[in-house]
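Before any comments, here is the structure.
The values are calculated or read from the model by the stated rules, or taken from the named source; none is laboratory data. Computed from a predicted model, the values in this text were never measured in an experiment. Positions of Cβ are generated from backbone atoms using ideal geometry, with glycine treated the same way; all protein chains shown enter the neighbour counts.
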Amino acid sequence: MHFLHHLCLVILDIMQPEKFSRYEIIRELGRGGMATVYLAYDPLFEREVALKLLKRELLDDPQVRERFERETKIIAKLEHPAIVPVHDVGKDNDQMFYVMRYMTGGSLSDRMSNHLSLEESVRIIQRIASALDYAHARGVIHRDLKPGNILFDDDGNAFISDFGIAKLASGQTRLTSSGIIGTPSYMSPEQAVGENVDGRSDIYSLGIILFEMLSGKLPYEATTPLAMVIKHTNEPIPHILDINPNLPAGIEDILEKAMAKNRTLRYATASAMVADLVKLLPENNPPTTEYTVPVRRRVSTQASTVAVADDEHKVTLRPWLVGSLLLMVIVLALAGWQWLTARSVPPPLPTLTLTVAVTQPVIAPSASIPQEATSPTHTAEPSPTVAPTFTSTPVLGVGGADKIALVTNKDIWVMDVNGSNLLQVTNSDQPKFDVQWLPGGKEILYGEGKCIKTVNIETFEIRNLTCLEAANFTGFRISPDARRVALTVQRRVIVIPFDQEALARAKNPFELQTLPEACLDYTGVTAKFALWSADGRKLAVLHQDIRGQTFADMVRVLDISRCKSADPLALDEFPNRNFVPDGYQTYPVIPAYDWDGRDLFLLNTFVRNGGYGDLYLYNTSTGEARLLNPVENTCCYRDARFSPDGTHIVFAFQDFRQGAQSETLLYYIPVDQIGTGARFRPIKLPPLFFPNVREVIMPVLRPAQ
């Protein structure tokens, strides 16, 4: 019976499924002793992924299953630019799986079929070493580092894959076809004999890889895995200069240290090995690493400008972008704008009536409201009588706002609410999160990596507010009175005083949650983000919850006014049985939401391009919801935000009808015109100002100064 059971498991592993969980199988990429890897399509995020199914026989032991679930979740939290990200971990129909980014640039094994120069080899090793040190500092050891597990993207950047999986499965006696955990050709002596290993075992493997890259062959060759293990354990390291005499003499000392039989004699860190390697390179040819944050260049307000639409509408741009935008303008002019005139006008929505609590003086519509943003009588072909006029003078407040900050190409730009006076204020070329204006309107706060930073829009000075080690940082939201801050970190919400000195001293989330002045450490949900109410007494927390057989995004409104004296009181949670957005049952994701601070929420569903969908308004006081879709009653929207006085909304839009040809457009429109049949005109920006249709642009409005 045991034989038949094992045979059934083998047959199930060999059969290629058409679909696994939500993933649609395209083809098999490869299989090994532990798992089979498929190229698959993820319809939720509209992307191709690498789906790895662990062999059923490995997980027949309940203890191994439990260990796999626990430790793969730890691995999934590894966030480093040179580690292949794990998108998903779980089980379906009793089979364990994890999902990784699909790497299209092949493996190091493929590249080693051609000659690799010393410079190229060091560049690859440098990037991999940084990832190893990052993982080792978090207690994660690879144990199966080899050229086949070093993958590349289209730009030639190296990534480590399969982090720690060999160790996770070590509860089984037979893990690979050889019966040995890991790959004997790249295995450290201590791992080969079954001793406990640490990060220095990976450094030994890295030394083997470097030897192979520079010589074109492995240091040891054998006909059986056991014979290979014996050679790693007992035989001296071959002299690489005998194989490739063109290498610098110092390379042998580096390999001797990296591949020392006694691990106490090896490099303590992979970066220390790289430091010695770099010394061997010509002084004028150092390696470059694609993921290293470059030294920030000051963004000059005197930079070249490009005229858009007319001579008065100018933007401050990077020099490389100038040529690109001019070329785009020419191409678009040649192609024509006929598609604009081809749009049909659907039946108007019923008039939407909102009760708006105005907290700031409202500027009357006659006070130079820009026609670009708000004209409800837009036609496809602008006539001379309504041609836009742009001016370099600041725009008076519209909707209580005078400027917009947003993200494009991973950097922050600011502009007037009609799109004029464009200015780039960062150039780190790193992803941003939680962009917001600080009180006073001179600084923008934003998240970048594990740090919260501010940038002054006049001096361009950037400073770190806080950096937290080993943190899954997703939100940093300052209260309306600027006295407290709600941090969403490590999937919890921590509310503490907005004390910049205390924040600068903190090194990890634990130091924040244990501050004597901490008001809240909310772990009741798997938190992703939090927004404040206008009075600072409530939080609206975007979180994940289990709904049926899957995770679902939800928003929970909490009363935190009693702070430490009592647990937060849940006042509302949505979507709920009275409000289920269209498509939410299939893709239960809320990519973006906003709160007017009182009763009204804006949120969009997931339809396309990583988070664009239908736009809804939800009223917590009545429990009623309304589909908005203000642009010709069609999808798709993202990042809708209320204006400071609640009379307008700003949002990003991609016309679903245009399919893959749709561009990202920015709108700023009056709320009372939604549902009246009015047609709105997007803010006028340079052509293809948003080149990445999947980027989260996060427009935020500055209260009029």
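Would you please name the residue that is surrounded by the fewest Cβ atoms within 10 Å (Cβ to Cβ), looking only at residues in the range 85-102 that are more than 15 Å from I74 (Cα to Cα) and either of a type in the set (G, A, S) or under 16 Å from the mean Cα position of the chain (by Cα) (or both)?
Only one residue fits best here, namely R101.
State all residues of the range 71-122 that are within 25 Å of E57 (Cβ to Cβ), of a type outside the set (S, T, N, Q) and in contact with a helix residue (DSSP H, G or I) (Cβ under 7 Å, 6 or more places away or on another chain); if no residue qualifies, say none.
E71, V86, V89, M96, Y98
Between D672, D639, which is of a type in the set (D, E, K, R) and touching a strand residue (DSSP E or B) at 6+ places or on another chain (Cβ under 8 Å)?
Answer to the check: D639.
Return the total of residues in the range 257-271 being buried (at least 16 other Cβ atoms within 10 Å of the Cβ) and either without any contact (Cβ under 8 Å) to a residue 60 or more places away in the chain or of a type in the set (G, A, S) (or both).
Total meeting the criteria: 5.
What residue, of R694, R702, is within 29 Å of the chain's Cα centre (by Cα), assigned to a strand (DSSP E or B) and among the basic types (K, R)?
Step by step, each of R694, R702 is checked, and only R702 is within 29 Å of the chain's Cα centre (by Cα), assigned to a strand (DSSP E or B) and among the basic types (K, R).
For the range 453-474, name all the residues that are closer than 20 Å to I404 by Cα and not polar (S, T, N, Q).
Across the range 453-474, the qualifying residues are K453, V455, I457, E458, F460, E461, I462.
Return yes when L116 is surrounded by 16 or more Cβ atoms within 10 Å (Cβ to Cβ) and in contact with a Ser or Thr (Cβ under 6 Å, 6 or more places away or on another chain) and no when it is not.
No.
Working only within the range 448-481, note down all residues that are surrounded by 16 or more Cβ atoms within 10 Å (Cβ to Cβ), farther than 29 Å from N421 by Cβ and in contact with a Gly (Cβ under 7 Å, 6 or more places away or on another chain).
Of everything in the range 448-481, those that are surrounded by 16 or more Cβ atoms within 10 Å (Cβ to Cβ), farther than 29 Å from N421 by Cβ and in contact with a Gly (Cβ under 7 Å, 6 or more places away or on another chain) turn out to be F473, S479.
For L445, work out the one condition from (1) at pLDDT 95 or above; (2) within 19 Å of N508 (Cα to Cα); (3) surrounded by fewer than 21 Cβ atoms within 10 Å (Cβ to Cβ) it doesn't fulfil.
Unmet condition: (2).
Among R681, R641, which is of a type in the set (K, R), touching a Ser or Thr at 6+ places or on another chain (Cβ under 6 Å), buried (at least 18 other Cβ atoms within 10 Å of the Cβ) and assigned by TED's automatic domain parsing to the domain that holds W532?
One residue alone meets the criteria, R681.
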